[in-house]
Structure formats: structure tokens, C-alpha cells
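Read-outs throughout are calculated quantities, based only on the coordinates presented, and are distinct from any laboratory measurement. Fair warning: this is a prediction, and the values are worked out from it, not measured in the lab. Cβ: placed from backbone, ideal geometry, glycine included. Neighbour counts: every protein chain shown.
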Amino acid sequence: MSDQPKGRKIKILKNGPVLVSGNIPLSQDDMIIGADNEPERWEKSHFYPPASANALCRCGGSARKPFCDGSHVRIGFDGTETAPVREDPALIERTEGPTLDLTWSAKICATARFCHRAGDAWTLAEKSDIPSCRETAIQEACDCPSGALTAYDKGSDKAIEPAHDPAVSLIENPTSGLSGPIRVLGGIPVESAAGTAYEVRNRMTLCRCGASNNKPFCDGTHTVIKFTSKG
């Protein structure tokens, strides 16, 4: 995670879009499905032209997704933020294994399902004295876009985090044709409409379907309403 240049941040606008400023790269990240019908890796499929700032739709109604076209005003979008500024440690589950622990927060889970490959990350962590199981569990945790799943080295109890440069992308699933949230990497500061700073994290996902019950973060509702950026 690199230091943040001055001006690089994400601002949630009241009942409006996500304003990404500071020349942060914007791209599309595709979820590539593996042989067991679960996501196994990320693949970049599109890069948007560099811009000092981008206003990204979070109501789900823009006709020019991923960018805002003012539809939030027309449809009367209620973008009220209900997420806490920091996760409640009491709500974070911990699974312990011989060489690896995993923590999981249901509140910020975006249901990306990278944790279900090769069985699941929790079972693999419980078998982490087997090198291949440990390696796969770590990869699954690192691929979790929201940061809901995090791997910890048993000896040091330090989080094992992938090194991400600050970047923003739009998640798509080419296999299902459905669209996911806004993927935020590299510890970019996120500020609420009221001016409150959310906890800075290396990985997070912001809602862009408009239906999350944990705004501004994704809670997986896009999978329930079958959200697509093409519609």
C-alpha cells in the first residue's frame, strides 16, 4: 500500500455518485470462473482514459454506467449511508488453523465467492499445516475484493495483504453476465457525504447497484437483484 498523494481520495456525494479524485486509475476487473464453477482469479479487461476525477454511478440507474448521468435525481435515489466508520471487532469471526488464521466480516462481504474455490478458505486454513492448503487459503483471502476475508500468519499474527497500488475498478462476471461493486484498492481514503472518514483499508467494495443495506459499501445485494451494468 503506497502513500497517498495529496488530493487522492473518494468522496460519497449525498444521494449521488461516488466522486473519485486525484488521478486514480479506473479499469474493469473480470471474475474468471474456474473448473469448479467458482471464481479463481481476476483479469483486467478494460482501462478507462486517465482523468483527474470520475463521478461513478451508485444508484444503478445511469444510462452511461459506470459514470453518473444525473439519474439519481430523476429516480429519487436514497443513498443514505448506514455503514459504521469502523468495523465492530465483536462481529468479526475468526477461524484458527495450525499455521494460518482467517477472519471474516459478514457485514462487508460482497459475495464474490473467491473463498469457495477448492472447497473453501476456512477448511483450507484448518489444514494449513499442508503447504498447498495454506497457499490456496492465502490466495483466496487476498482475492477477496471487499477485505471481508483476511488471512493472518499464525506465528506473527500479522495480516497477509496483497500489495496494491491505489486503483479503482468495476467488477464484472462475464460468465453470468452480472455486475458487481466498485472495487477500491490500495488504501484510498473514503469520505462520507457528511465529511466523516471511513476506516482506511487495502481492499474494499462500494455499492453501485443502489440496493445495499450497508451503504456506501457493498453487501452482496447486487447478486439478489441480478444487477447488470448493461441495463
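Size of the dipole of region 148-231 about the Cα centre, Lys and Arg at +1 and Asp and Glu at -1 on the beta carbon, nothing else charged, in debye to 20? List each step's numbers first, then the result.
On the way: 9 positive and 8 negative charges, 60 e Å.
The calculated dipole for region 148-231 is roughly 280 debye.
With a Förster radius of 25 Å, plug the Cβ-Cβ distance of Asp165 and Thr228 into 1/(1 + (r/R0)^6) and report the FRET value to the nearest 0.05.
On the way: r = 28 Å, r/R0 = 1.14.
Once rounded, the FRET efficiency stands at 0.30.
In order along region 32-44, the Karplus-derived 3J(HN,Hα) couplings, from 6.51 cos²θ - 1.76 cosθ + 1.60 at θ = phi - 60°, round to 8, 8, x, 5, 8, 6, 10, x, 10, 6, 9, 9, 6 Hz, and Gly and Pro are given as x.
When only Cα pairs under 8 Å and 6 or more residues apart are kept, what is the percent relative contact order across region 89-160?
Computed over region 89-160, the figure is 36 percent.
Relative contact order of the chain, taken over Cα pairs closer than 8 Å and 6 or more residues apart, is 24 percent. Over all other residues within a Cβ to Cβ distance under 13 Å of Phe217, the charged ones net out to +4, with Lys and Arg as +1 and Asp and Glu as -1. Among rounded, prolate and oblate, which fits region 89-160 when a ≥ b ≥ c are the square roots of the eigenvalues of its C-alpha gyration tensor, a/c under 1.5 means rounded, and a/b larger than b/c means prolate? It comes out oblate by the Cα gyration axes.
Exposure proxy shown here: for Arg183, Arg74, the number of other Cβ atoms within 10 Å sets the order, fewest to most, as Arg74, Arg183. Taking only Cα atoms, what is the 0 to 90° angle, nearest 10, from helix 131-143's long axis to the longest principal axis of the chain? So the inclination is approximately 10 degrees.
Less than 17 Å apart at the alpha-carbon level, and either on another chain or at least 8 residues along: which aspartates and glutamates does that give for Lys14? The reachable aspartates and glutamates, counting only those whose Cα sits under 17 Å from Lys14, are Asp69, Asp78, Glu81, Glu191. How would you classify region 40-97 from its alpha-carbon gyration tensor, with a ≥ b ≥ c the square roots of the eigenvalues: rounded for a/c under 1.5, else prolate if a/b is greater than b/c, otherwise oblate? Oblate shape, in that a/c is at least 1.5 and b/c is the bigger or equal ratio. When Arg94, Arg58, Arg113 are sorted by how many other C-beta atoms sit within 10 angstrom of their C-beta, beginning with the fewest, the order is Arg94, Arg113, Arg58.
Which of Arg208, Arg117 comes first, and how do the rest follow, when ranked by fewest Cβ neighbours within 10 Å? Write out the running numbers ahead of the final one.
On the way: Arg208 28, Arg117 22.
Arranged by neighbour count, lowest to highest, Arg208, Arg117 become Arg117, Arg208.
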